[in-house]
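Every number in this text was worked out from the coordinates using simple rules, so none of it is lab data. Here the structure is a predicted model, which means the values were calculated and not measured. Methodologically, a virtual Cβ is constructed for each residue, glycine included, from the backbone with ideal geometry; neighbour enumeration extends over all protein chains shown.
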Amino acid sequence: MFSRKKGMVYTMFVVIVMTTIIAFINFNITTRNTTVDESLDRMTVDNMYYFIEGTIEDFERSSYISAKRGVISLIDIIAAEGNYSNDSKTNIESFISNGFYNGSVLYLMENSTLSSCNQTIISIGNKKNFESIINFTNVDINSYSYDKLQFNVSLDITVFGNNGKIRLKRTKNVSTFINFQKLEDPFVTINSYGYLRKLIVSCNTTKYPYHAKNILNGTNYNGTWTSGTAYISDGTNLNLITDRSNKILILSDIPEPTPPEISDFSGIISENATDNNITGTYVYGAYDALTNITNNSLVVINNSEIWINNILDELIEGCYFKDIYGPTFLDRLEGNFNTSQKYNSTLVSGIGSFIDVSTLPAELQEIRSDIDFIYFDETQTDTTYSIMGVTDKCTGYSKRSWFRLDQKHVDLWGLESIVY
């Protein structure tokens, strides 16, 4: 009897121990599987996150390329066909989105559209065993300032991983600026019937901080108005200076005895001297003239006023300047002669450039203001003026007596003292 009981106790002990061991083994297996699953999920989430972040970083770069190519594509079409866009903003946005024009993909837009970007992102995701859904919304290009455009687009990206069990979603608003420097201006090309072709290059505002400005006034003056290239001198060796009749001599004082060559200059500016024996045009008592005038700048003397005139250099360079009366870049692609309401904002200003009329055939030469958007506008009837230091100093058609500025710009730039 005792042996039987002992056997039963032993059996029960063995059963309990084995059950405990089996339960412990099963618990460890389950825990280990759960830990492995969680670890795999974390790795998947990390990879999905880096995939999304990398996509956004790449898209910020590629959106600039896409927008720039969209702009260039429209310019090429306008120049080739000789017809303006009816809506440059909409055309460019369409090119950026799908790249199509007249049923065909534009050469420059191949693999550079939002549509192709979508396919690329999905393809890269598939290689990483991710399913991706991409949407581009709020596609918008518009004028930002007188010398650049702004392109905006929203990227919505949803990525599924681990057979759809994990989902990450991100929205990124991307904004980039498009500089249209060194792109052809079809506005000038078409309006000049192809005789003028200009690249848009902004005037150097450090070199030309203003078009023309009255920088000094003297205390004594003589003669009629004149203009010439500044020549700073101590008054010695004037006989060695060539082309004196086209130069304005600038000194701290008139030397004694007075060099005979001094009367050969177009004009004389002296900081201190008063010498009524000098003939011709002069201004005396122009204090700080040596400080405020640099060699080779174009100087205009009119009565006691001394002006620096940069208009001739801007004309020769053909550079573009900010102009509140002019059309924006997008307006120029539509052939508008001023800023239209749809592109108007407090930040935006139009642009303009001076036209070298002497390069046009006789039938296109008109006496109008020589700012491009006014010159080509046949409806303009504003009064125009010759400008000292420009009209008198150029060669070409009728000694460039054609150069004029309209009343609005004379007033805008404060040039009343140097018109005639």
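For the chain, set up a Gaussian network in which alpha carbons nearer than 10 Å are linked by springs, and say which option among Val348, Val45, Val283 fluctuates the most.
Looking only at Val348, Val45, Val283, the biggest GNM fluctuation is shown by Val45.
Thr294: net charge of surrounding residues, Cβ under 13 Å, Lys/Arg +1, Asp/Glu -1, itself excluded? Intermediate results must be reported in sequence, preceding the final value.
On the way: positive: Lys207; negative: Asp288, Asp313.
Every neighbour counted, the sum reads -1.
Based on alpha-carbon centroids, what's the gap between segment 183-240 and segment 59-128 in Å, whole number please?
Result: 40 Å between the Cα centres.
To check my understanding: the extent here is largest minus smallest coordinate of the Cα atoms along each principal axis. What are those three numbers for segment 91-155, in Å, largest first?
Result for segment 91-155: principal-axis Cα extents of 46, 26, 16 Å.
Work from the charge dipole of the chain (Cβ charges, +1 for Lys and Arg, -1 for Asp and Glu, about the Cα centre) and give the residue of Asn246, Phe376, Ile293 farthest towards its positive end.
Highest projection toward the positive end goes to Phe376.
So what is the orientation-averaged projected area of segment 325-378, using the convex hull of its C-alpha atoms, in nm²?
4.1 nm²
Only Lys, Arg, Asp and Glu count, each charged at its Cβ (+1, +1, -1, -1), so figure out the dipole size of the chain about its Cα centre, rounded to 20 debye. Each step should come with its number before you reach the end.
Details: 33 positive and 47 negative charges, 714 e Å.
Here the chain has a charge dipole of around 3420 debye.
Based only on other Cβ atoms within 10 Å, what is the fewest-to-most ordering of Tyr50, Tyr385? The partial results should precede the final answer.
Values: Tyr50 11, Tyr385 19.
The order, fewest Cβ neighbours first, is Tyr50, Tyr385.
Across the chain, how large is the tail of the calculated P(r) beyond 34 Å, expressed as a percent of all Cα pairs?
On the way: 48814 of 87990 pairs.
Looking at the chain, the distances longer than 34 Å represent 55 percent of pairs.
Once the Cα gyration tensor of segment 74-188 is found, what semi-axes does its equivalent ellipsoid get, as square roots of 5 times the eigenvalues, in whole Å, sorted largest first? If you can, show how the numbers build up before the last one.
Values: eigenvalues 228, 53, 21 Å².
Listed largest to smallest, the semi-axes of segment 74-188 are 34, 16, 10 Å.
Quick check: pseudo-label points 7 Å beyond the Cα along Cα→Cβ at Asn272 and Glu60, how many nm apart are they?
My value for the distance between the label points is 6.0 nm.
Please return the longest stretch of the chain lacking exposed loop sites, where GluC sites (Glu not before Pro) count only if DSSP places them in a loop and at most 13 other Cβ atoms lie within 10 Å. Mind showing how you got there, number by number?
On the way: sites that count: Glu110, Glu378.
Within the chain, the longest run free of exposed GluC sites (Glu not before Pro) spans 111-377.
For the chain, what does the relative contact order come out to in percent, with C-alpha contacts under 8 Å and a separation of six or more?
Details: 747 pairs, mean separation 50.5, N = 420.
Reported as a whole number, the value is 12 percent.
Quick check: net charge around Thr158, other residues with Cβ under 11 Å of its Cβ, Lys/Arg +1 and Asp/Glu -1? It would help to have the intermediate numbers written out before the result.
Values: positive: Arg167, Lys169, Arg170; negative: Glu131, Asp156.
It works out to a net charge of +1.
Just to verify a number: FRET efficiency for Ser245 and Thr291, C-beta to C-beta distance, R0 = 30 Å, to 0.05?
Details: r = 26 Å, r/R0 = 0.87.
After rounding, the FRET efficiency stands at 0.70.
Please build a GNM for the chain, connecting alpha carbons under 10 Å apart, and tell me which residue among Ile241, Ile96, Ile56 fluctuates the most.
Top of the fluctuation ranking is Ile241.
Mind checking the dipole of segment 40-179: about its Cα centre, +1 per Lys or Arg Cβ, -1 per Asp or Glu Cβ, Debye to the nearest 20?
Values: 13 positive and 15 negative charges, 94 e Å.
Rounded to the nearest 20 debye, it is 460 debye.
Please work out whether segment 212-309 counts as rounded, prolate or oblate from its C-alpha gyration tensor, where a ≥ b ≥ c are the square roots of the eigenvalues and a/c under 1.5 means rounded, while otherwise a/b larger than b/c means prolate and anything else oblate? Working shown, then result.
Values: a/c = 1.43, a/b = 1.21, b/c = 1.18.
Judged from the Cα gyration tensor, segment 212-309 comes out rounded (a/c under 1.5).
For segment 141-222, just say rounded, prolate or oblate: build the C-alpha gyration tensor, square-root its eigenvalues into a ≥ b ≥ c, call rounded for a/c under 1.5, and beyond that prolate if a/b exceeds b/c, oblate if not.
Details: a/c = 6.32, a/b = 2.36, b/c = 2.68.
Cα axes put segment 141-222 in the oblate bin.
Tell me which of Asn309, Ile269, Trp402 sits at the most positive position along the dipole axis of the chain, charges placed on C-beta atoms (Lys, Arg +1; Asp, Glu -1).
So the residue furthest toward the plus end is Asn309.
Once every DSSP H run of n ≥ 4 in the chain is given -39500 (n - 2.57) and the sum is divided by its residues, what mean residue ellipticity at 222 nm do you get, rounded to the nearest 500 deg cm²/dmol?
Numbers: 9 runs with 137 residues, N = 420.
The helix contribution divided over the chain gives -10500 deg cm²/dmol.
Once Lys and Arg get +1 and Asp and Glu get -1 on their Cβ, which of Ile134, Tyr84, Tyr146 lies farthest toward the positive end of the dipole of segment 40-179?
My answer, from the dipole projection, is Ile134.
Please identify the longest segment of the chain free of exposed trypsin sites (Lys or Arg not before Pro), where exposed means a DSSP state other than H, G, I, E or B and no more than 11 other Cβ atoms within 10 Å.
Numbers: sites that count: Lys165, Lys182, Lys207.
The longest such stretch corresponds to 208-420.
Can you tell me the Rg and Dmax of segment 190-231, counting just the alpha carbons, in angstroms?
17.9, 51
To the nearest 0.05, what FRET efficiency results for Glu261 and Tyr84 with a Förster distance of 60 Å applied to their C-beta separation? Please report the intermediate quantities before stating the final value.
On the way: r = 56 Å, r/R0 = 0.93.
Working from the Cβ atoms, E equals 0.60.
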